[in-house]
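The values are calculated or read from the model by the stated rules, or taken from the named source; none is laboratory data. This one's a predicted model, so the numbers in the text were calculated from it and none came from an experiment. Surface accessibility is based on the protein's heavy atoms, side chains included, excluding ligands, DNA and RNA. Shrake-Rupley method; radii C 1.70, N 1.55, O 1.52, S 1.80 Å.
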Amino acid sequence: MDPESPFPSDHGRCPCGSGDTLGACCGPVLRGDRRAATAQALMRSRYTAFALGDLEHLLRSWHPDTRPERGELAASLADEVRWLRLDILGTRAGGPFDADGTVEFRAISKGPRGRQEQHEISRFVREDGHWLYVDGDL
Ligand SMILES: [Zn+2]
């Protein structure tokens, strides 16, 4: 395992709030052991990657056309932010047989500037069987 990204126990609660353990939810997706089958699953895994500071998964799941520079993303992950909750508000398409989809969510975090609420409709595309995050409307 990469010592730079220590994972919490697979038996703990998944940060994405699915109610599953990390090992039954986002853990295998972050490690690259399993693909996210749906846009929502990828969205959840990305939230978990933000919560755990998993830079590699964020870069890998970001469409190359819109992906930020590694250094820029690493800097944003270095901010002292605690991710408190993810609510999935709605999805459109994004299933195993779709080529694209959207996921509307609300993410609550607490950082240096206090409690933040991010409400976004994210766009995803599926390329070669992999869901990728494209961009989102805040
Ligand atoms: Zn999860």
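When the surface is traced with a 1.4 Å probe over the full set of protein chains, ILE121 keeps roughly 70 Å² accessible.
Using a Gaussian network model of the chain in which every pair of alpha carbons under 10 angstrom is joined by a spring, one finds that among HIS57, HIS11, HIS119 the greatest mean-square fluctuation is at HIS11.
With semi-axes defined as the square roots of five times the eigenvalues of the C-alpha gyration tensor, the equivalent ellipsoid of the chain measures 21, 18, 16 Å, largest first. Averaging Cα coordinates gives a centre for the range 42-63 and one for the range 112-138; these two points are 10 Å apart.
If both residues of a DSSP beta bridge must be in the range 22-137, then about 95% of such bridges are antiparallel. Per-residue ellipticity at 222 nm, computed for the chain from helices alone with -39500 (n - 2.57) per DSSP H run of at least four residues, works out to -7000 deg cm²/dmol.
Test of understanding: what is the full-extension gain from ILE88 to GLU72, defined as 0.36 nm times their sequence separation minus their Cα-Cα distance? Spell out each step's value before the answer.
Values: separation 16, 0.36 × 16 = 5.76 nm, distance 2.65 nm.
Length gained, ILE88 through GLU72: 3.1 nm.
Percent relative contact order of the chain, based on C-alpha pairs within less than 8 angstrom and at least six residues apart? Walk me through the numbers on the way to the answer.
Details: 244 pairs, mean separation 27.6, N = 138.
Rounded, it is 20 percent for the chain.
Remark on GLN116: its backbone amide H falls under 5 Å from those of SER109, LYS110, GLY111, a criterion applied only to residues 5 or more positions apart or on other chains, H modelled at 1.01 Å from N. Largest GNM mean-square fluctuation among ARG123, ARG70, ARG113, using the chain with Cα springs under 10 Å: ARG113.
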